[in-house]
Structures are given as structure tokens and as C-alpha cells.
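The structure appears right after this line, and notes come after that.
The values are calculated or read from the model by the stated rules, or taken from the named source; none is laboratory data. Bear in mind the structure is a predicted one, so any value in this text is a computation, not a measurement. With ideal geometry, Cβ positions are generated from the backbone for all residues, glycine too; neighbour counts draw on all protein chains shown. Areas reflect the complete protein model, heavy atoms only, side chains present, ligands, DNA and RNA absent. Shrake-Rupley method; radii C 1.70, N 1.55, O 1.52, S 1.80 Å.
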Amino acid sequence: QVQLVESGGGLVQAGGSLRLSCAASGSTFKYHVAGWFRQAPGKEREFVAHITAKSDTTNYADPVKGRFTISRDNAKNMAYLQMDNLRPEDTAVYYCAASIALTTLSSNINYWGEGTLVTVSS
């Protein structure tokens, strides 16, 4: 069993930066793919980024490529999402996710956090 708790959301102006953190409990987190999804008001939850267990592969959704960076520290049971050059369209609830498979589909995620709200003002 893996439990995930996000932190680091908040209000930021366009062009600014935020760093989201995901604290995981459970000894098996280090064997899971760690990822971030987001859900804007009135929209479906969408893939943002993920990183493999050994950090050897990362993938990003096209809208965030070059602006967001995902990382993890298995010794601390943590995952992170550094978000730079934020845009108003990045406004959403951001969810930390853990999965067995390397996936971009929310239906394939095994564990979810409760989410943290990111609001980007113009």
C-alpha cells in the first residue's frame, strides 16, 4: 500500500515558478513509477509527467515540455514537480500518482494523492 500527500501548491503570477512535493508512505514506493496529473475546472484529469522507479526515464505532456521537471528521491520517499514559466492555463488541481506500469492514463494509476491547487494569475 502506498499513500501520497502533495504540498507546494498556491497562487503565483504568470511567468513564476512553484515546486510541488509528494511525500509517499510505504516501502514499495521506490518500485513504482511516480507521476503527476492535473485537473482543471470542468475538464478531465490529464497526464503531466512521470518518472520511472530508477529515474532513468521521464516523459512529459506536450504543454509542459521545457517548463516542468519531474524528479524523485527514493531515499526520502519523495517525488517533485518543478514548474517554471507558469501560465494561466496551468491552473488546476495537481495530483501525485504512483503506478506499476509506465502510463499516461489515469485509469491505470494504482495510487493517488488528494491533490494540491495551483492557481496562475495573468
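Subtracting the Cα-Cα distance of residue 78 and residue 65 from 0.36 nm times their residue separation leaves 2.5 nm of extension gain. Atom-type composition of the exposed protein surface of the chain places 48 percent of the accessible area on carbon and sulfur (1.4 angstrom probe). If you wrap the Cα atoms of the chain in a convex hull and average its projected area over all directions, you get 6.7 nm². Summing charges over all other residues whose Cβ lies under 15 Å from the Cβ of residue 118, with Lys and Arg as +1 and Asp and Glu as -1, gives 0.
Couplings for segment 69-84, taken from phi via the Karplus curve 6.51 cos²θ - 1.76 cosθ + 1.60 with θ = phi - 60°, read 9, 9, 8, 8, 9, 5, 5, 9, 6, 10, 10, 9, 9, 8, 10, 10 Hz in order; Gly and Pro are left as x.
What the chain shows is 51 Å² of accessible area per residue, with the surface traced by a 1.4 Å probe over protein heavy atoms.
For segment 6-20, putting each phi into the Karplus relation 6.51 cos²θ - 1.76 cosθ + 1.60 with θ = phi - 60° gives couplings of 8, 8, x, x, x, 9, 9, 7, 3, x, x, 10, 9, 10, 8 Hz, in residue order, rounded to whole numbers and with x for Gly and Pro.
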